[in-house]
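Contents: one structure, followed by commentary.
The values are calculated or read from the model by the stated rules, or taken from the named source; none is laboratory data. All of these numbers come straight from a predicted model, not from anything done at the bench. Don't worry about glycine lacking a Cβ; one is built from the backbone with ideal geometry, like all the others, and counts go over all protein chains shown. Just the protein is used for accessible areas: all its heavy atoms, side chains included, with ligands, DNA and RNA removed. Shrake-Rupley method; radii C 1.70, N 1.55, O 1.52, S 1.80 Å.
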Amino acid sequence: MNENINKSALFNGSCFALITTAFTFSIRAGILPQLGEDFGLSASQLGFINSMWFLGFPISMIIGGIVYHSFGARNIMRVAFVAHTLGILLTIYAGGYTTLLISTLFIGFGNGCTEAACNPMIADMYSGVKMNKMLNRFHMWFPGGIMLGAIISNVMTTMNLGWEAQMWITMVPTVIYAVLFYGKAFPKAKVEGATSLGNNFKALFSPVFLFLFVCMSLTAISEFGPQQWVNIVLANSGANAMIILALTTGVMAIARFFAGPVVEKLGQTGVLLAGSILATIGIYLFSMVTGGIAYFVAIIFALGVAYFWPVMVGAVAQRVPLSGALGMSIIGGIGMFSTAIWQPIIGGWIDSSREELSGRFSGEELELMAGQATLQNMALFPAILIVLFIIFFFWQKNSKKTEMVSPVSH
């Protein structure tokens, strides 16, 4: 059935598609100050631009999850390529705020299509231990790609290469994944029962799914909030903000590579609780430290958020199995949608802190204090999760014996 497909080409194409997603995240984070300066944008406006990345993602991801079996992974990836290309080109040739909003929405749409198509496609190509291994290796390319993008952005900025040149770099993995996918046969679904949308929708209203739905909205912003704003909130901390981002995502990539044994040892609920504690400590310390110590704090933060996304998706796959691929798409979608909502709010926190502190501080000192005040607000997200995951830990304690390593997403 799926024996005659070129698994290597499809898997490598999926990895480059995820690298495209990661580049659009980290390189855009790196050029954010340049965009603000060139177009005269406030932090709130930059927040709305950021939010389009996170808004387009869940829209296409959820639609893709619904139509995956009827429209097909091949066609979803065709849409992804068109959306990525349009978004990147519109960003490069942007004339102002409105164009940047539209271009970023296109990029987010392409990213969601990638997630919707590649997760079930890889699951259909492999089975058992091999499937878990390949899903882990696929999803490590999101933090891994962010690390590469952050390094590239930092080097190009140091060389005084403009943001347009940096955005052109994101076209490289885009073209590569299109070439790898071109003309290839795609796998058929292994489990026909998983295609029942009726069962999927019923499972979405179970208590466990609804609880995870709420938690996912907070785990996502805990991970993406500090990372997307790193070049602004840490720009004057005495540490290189883009190196912080590269270090964070590098640690996350390594941690996700070893996700299977960690989740098997601590269980899903234990990993989520431990992660929320480390994430709270990490973000709060970011709001206090300056200089080289910030690199150490980045490791704490990275270990805290590394397993949030994969274990949350794995929890849905394992604890609400009837939700199927749609359930995983929905949980990923709410993570991105929540982050889209919070982006302009975080930008507003920065603007408000600047205004409040402008009477006592100025210049780089003002920017540092405003960034630290904003990070203190961000620490509330994982702090709330500590309470929620304690509740979840005891709620699911009787189900611990059923826990096992689950497929992961980024």
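Shown here for the range 61-130: chymotrypsin sites (Phe, Trp or Tyr not before Pro) in loop regions (DSSP other than H, G, I, E, B) with at most 14 other Cβ atoms within 10 Å, namely Y93.
How large is the Rg to Rh ratio of the range 34-171 when both quantities use alpha carbon positions and Rh follows Kirkwood?
Dividing the radius of gyration by the Kirkwood radius yields 1.03.
Across the options M134, S14, S42, the greatest Cα extent toward the positive end of the charge dipole of the chain (unit charges at beta carbon of Lys, Arg, Asp, Glu) belongs to M134. Only protein heavy atoms count here; under a 1.4 Å probe, E367 has an accessible surface of about 50 Å². Only helices enter the 222 nm calculation for the chain: every DSSP H run of n ≥ 4 contributes -39,500 (n - 2.57), and dividing by all residues gives -27000 deg cm²/dmol, rounded to 500.
A protection proxy built from the mean count of other Cβ atoms within 10 Å ranks the segments 15-24, 246-255, most packed first, as 15-24, 246-255.
Largest mean-square fluctuation among L303, L366, L385, in a Gaussian network model of the chain whose springs join Cα atoms under 10 Å apart, belongs to L366. Legend: calculated FRET efficiency, I384 to Y182, from the Cβ-Cβ distance at R0 = 45 Å, rounded to 0.05, equals 0.50. For the chain, the relative contact order is 26 percent, taking Cα pairs closer than 8 Å that sit 6 or more residues apart in sequence and dividing their mean separation by the residue count. What the Kirkwood sum gives for the range 183-341 is a hydrodynamic radius of 17.0 Å, with every pair of different alpha carbons counted. Projected label points at T99 and S362, each 7 Å from Cα along the beta carbon direction, are separated by 3.6 nanometres.
Between N154, N75, N240, the residue with the greatest mean-square fluctuation in the GNM of the chain (Cα pairs under 10 Å linked by springs) is N75. In vacuo Debye scattering of the chain, one point per C-alpha: log10 I(q)/I(0) at q = 0.06, 0.07, 0.11, 0.12 Å⁻¹? Scattering profile of the chain, log10 relative to I(0): -0.22, -0.30, -0.75, -0.90.
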